[in-house]
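What follows is a set of notes on a single structure, which appears directly below.
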Amino acid sequence: MRNADRLCLAHSWVAFAAFLAAAVLGTWQMWVRSPLGAHVGTPGQYFMSVTAHGVAMAYVLTTFFIMGFGYFVAVTALNRPLPGLLWAWSAFWMAIVGVLMVLLPIAMGQATVLFTFYPPLTASPWFYIGLVLIVVASWVWCGLMIVAMWEWKRENPGKPVPLAMFGTVSNAVMWLWTTVGVAVELIFQVIPAAIGYVQTVDVGLARTLFSWTLHAIVYFWLIPAYIAFYTIVPRAAGGRLYSDTMGRVTFILFLVYSLPVGMHHLMMDPEHGNGTKFIQVLLTAFVSVPTLLTIFTITASLEIAGRLRGGRGLFGWIAALPWDRPTVLATGLAFVMLGFGGFGGLINMGYGMNAMIHNTSWVTAHFHLIFGGSVVIMYFAIAYEMWPRLTGREHPSRGLLRLQLWLWFIGMMVMTLPWHWLGLQGQWRRVANFNYADPITAGWGPLVILSFGGGLVLLLSALLFTRNLFVLHRGTIVVIARPLYALAVHPPQRVPAALNGFGLWNVLVLVLMLFAYGYPIAQFIITPSPSAIVHRMSAQ
Amino acid sequence: MSLDEPSAAASRVEVANDVDEESLAEVMRVVPLGAGVLAGSAVALLVLGYLAIYLLVFLPRGTVG
Amino acid sequence: MSELHPEIHERRILGTELLWAVGVGILIAATLSTIVFTALTRDINPPSNVERIDPKTLHLSGEFTEQNLGTTVDADGAVTARVIATQFTFVPRCIAVPEGRRITMRFAAPDVIHGLLITGTNVNTMVVPGFVSQVHTEFTRTGDLLMPCHEYCGLGHSEMWATVQVVPQNEFKPDQDRRVACAKR
């Protein structure tokens, strides 16, 4: 473990530092757009904050955390040193340079384009080049994950790849596919426009290419949480994983179905017809399957643990679970938020029903709840499991870990549930301030304030989280080595090649992407749409 | 955790110690009934909630095409 | 081990997973069917006309020149509202529409991506430079509705909104140019 300890810690600290800064910004934003902060801040400051908050949460927290956790899994689950340590460190520093190149233009007001950066709104070229560097660094990580698994398979012929690593590599392969969309958009459209090489941009094509990345990226974020569900949580609860096979099936289904569904983010866009939109709605229904399978498999795994601890009857096992363990608590809270968030997602993907909520606060509520809620709470749980093993020190008290998790859950629910309601009322998103004197918006004020209250609780939780990790660098208690990974009820001796590798599945991804995105992208080449003039935000 | 310490996942004894096979077999007679009911109810509630929004909010807002 | 304890046998476990998958699969298929049903019978579809227009010249000639904007009623009674979305206003800022009559709303943007919704209705569309967005609908209640721009379009985005004035049918009268303007209040 030692060779990658510092690597994991470095990545994770960058991730969580970005997270804390973004949490502060998010809280400020909520204050400013509520009646309480109605005359605070200019639109320029507000949207600068939204850009920084989105970039930090969606690109920095996630990418760095996932890379760090991946290195951790590659060493601990495969029980071998990480290959290519020099490559890994080089990628880390490249990503750091990328982060600085992204953040500085934002701070200087030259990149107020939000984390989605839809052209023709165009930022300083440094912003985009910084993003490219972060993405390229993540590609190095992908390569190292694939190499680590490949080398292990060569040393262990015929054996099933440990599930945690199988999930990690499925995520890495999926990420390589995912980033193609945004990379093509940046390299061929946005960066040439930003540096002034072209004066116009095909907006419809840019939006379509970004949508390729935009949905799959949320699965990139989510899969580490699912890796924890399958490989860490059953052990933490004191039981077994109900089915290792279903874990593999889940990761494969995510690899295959996360990508050809991006168009459900373009449901209200005029550049695509009903046919392609409906096909992608159908495929979106398929991508709900791995989540539904996971809910069952992990609940069954928890049932095993609860019954082993003496739980009786239909539901007695629930109370019998060791809820005092942070990982178990986080899982329970994550599943509750997954329920609400999933409900929102079901509405969002509902073809015509998307019109009811598109670009309203419902959408903001949905992704804060499902990502900020279910996924990030599992990032906390993973951090609480990784840190003692990386620092050699144990948490002095689990009470504060549990408090931090509860605060996150309560804050997230209080923040996002009112937003769902406001979205149904028609409250639209990405707004610096509302005119609360207007009769329609006046009624929204109290709910916006309530939601802001939730945000304050989240900020408190974020501060406590940082403190909980910090303490582990100072404590004197030496860690008692605890096993981390779960065993399945039926530990696999051999698995079919299709559940031990990704060759076949890559072919399926290609076929599905051609089917789902082939024509939607080709149409921009066959019948070019009139382009729009580049609109430089950096001039302001 | 040092480099020469084996991964916990590799150690059957370490992990298997916590779960006695006899008790596991006993428990597996009932599992996944509780999980099925809990998860099934949750998903059913989700679908009912979806239908409620569909009928009570979406459709009344009128056609759009 | 599994030979001694058949309950743990992999096949039984996978069998329960399959049963669960079939169960949720049916629920998902049911929800999808409601979507298909609505699309086919109630004419509720996303705005997807895929109609191209040059954003750089749309103000100079053709359908979206200034004098064509707003609500017009043509010879056979079809009501059409044409609106431009631009930084940071809708033109016109007030759109008169009839209650209880089918209306076609057409939007275009000469500059950056905008979007709009009309509160209390299912009218929602992006307005992407290069394309005309078209929505057919029928307003069921009279009164003033809010039509904000809901896609970030620059620093003035928060101030970009229009009013949709839903007028009772007997008050919805075109002038000699066949246009209907908002009532002054």
Taking a straight Cα-to-Cα line shorter than 16 Å from C:LYS184, and setting aside same-chain lysines fewer than 8 residues away, one finds C:LYS173
Order of C:ASP54, C:ASP177, A:ASP244 - criterion: other Cβ atoms within 10 Å of each residue's Cβ, fewest first: C:ASP177, C:ASP54, A:ASP244
Centre separation in Å (Cα based) which lies between region A:199-221 and region A:146-175: 29 Å
Region A:195-247: trypsin sites (Lys or Arg not before Pro) falling in loop per DSSP and having at most 13 other Cβ within 10 Å: none
Pull up all non-local amide H partners of C:PHE90: gap of 5 or more, or a different chain, and H-to-H distance under 5 Å with H placed in the peptide plane. C:TRP161
Given points 7 Å out from each Cα along the Cα-Cβ axis, report the B:ALA52 to C:ARG52 separation in nanometres with one decimal. 4.7 nm
Shielding by partners, peptide A:436-448 (average Cβ within 10 angstrom, other chains): 1
Checking rank on A:449-455, C:163-169, with mean other Cβ inside 10 Å and highest first, the result is A:449-455, C:163-169
How much of the pair distance distribution for region C:102-162 lies past 13 Å, counting alpha-carbon pairs only, in percent? 63 percent
Divide by every residue of chain A the summed helix terms, -39500 (n - 2.57) for each DSSP H run of at least 4, and state the resulting mean residue ellipticity at 222 nm, rounded to the nearest 500 deg cm²/dmol. -22500 deg cm²/dmol
Exposure proxy check on C:LYS173, A:LYS277: fewest-to-most Cβ neighbours within 10 Å is C:LYS173, A:LYS277
For an R0 of 25 angstrom, estimate the FRET efficiency from the Cβ-Cβ distance between C:SER61 and A:ILE525 and round to the nearest 0.05. 0.40
Using alpha carbon centroids, what distance separates region C:52-131 and region A:253-280, in Å? 26 Å
Kindly rank A:339-352, A:11-24, A:307-320 from highest to lowest mean number of other beta carbons found within 10 Å of each residue. A:339-352, A:11-24, A:307-320
Could you let me know the centre-to-centre spacing of region A:72-93 and region A:322-344, using Cα atoms, in angstrom? 30 Å
Average partner coverage of A:420-428, which counts Cβ from other chains inside 10 Å: 4
Cβ-based net charge around A:PRO120, under 10 Å, with every Lys or Arg adding one and every Asp or Glu removing one: -1
What ranking do A:465-474, A:59-68, C:57-66 get when scored by the average of other Cβ atoms within 10 Å per residue, highest first? A:59-68, A:465-474, C:57-66
Rg from C-alpha atoms of region C:51-180, normalised by the globular rule of thumb 2.2 N^0.38 Å, equals 1.00
Angle between the Cα long axis of helix C:10-41 and the longest principal axis of chain C, 0 to 90 degrees, nearest 10? 20 degrees
Suppose each label sits 7 Å from its Cα in the direction of the beta carbon; what would the A:VAL478-C:HIS9 distance come out to in nanometres? 4.9 nm
Residues of A:202-212, mean number of Cβ from any other protein chain within 10 Å of their own Cβ, rounded to a whole number? 2
With +1 on each Lys and Arg Cβ and -1 on each Asp and Glu Cβ, and nothing else charged, work out how big the dipole of chain A is about its Cα centre, in Debye to the nearest 20. 1360 debye
Using only alpha carbon pairs under 8 Å that are at least six residues apart, calculate the relative contact order of chain A and give it in whole percent. 21 percent
Which three numbers, in whole Å and largest first, are the semi-axes of the equivalent ellipsoid of the protein assembly as shown derived from its Cα gyration tensor as √(5λ)? 47, 28, 25
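Values quoted throughout were computed directly from the atomic coordinates according to the rules given, and no laboratory measurement underlies them. Fair warning: this is a prediction, and the values are worked out from it, not measured in the lab. A quick note on method: Cβ atoms are made from the backbone with ideal geometry, for glycine too, and the neighbour counts reach across all protein chains shown.
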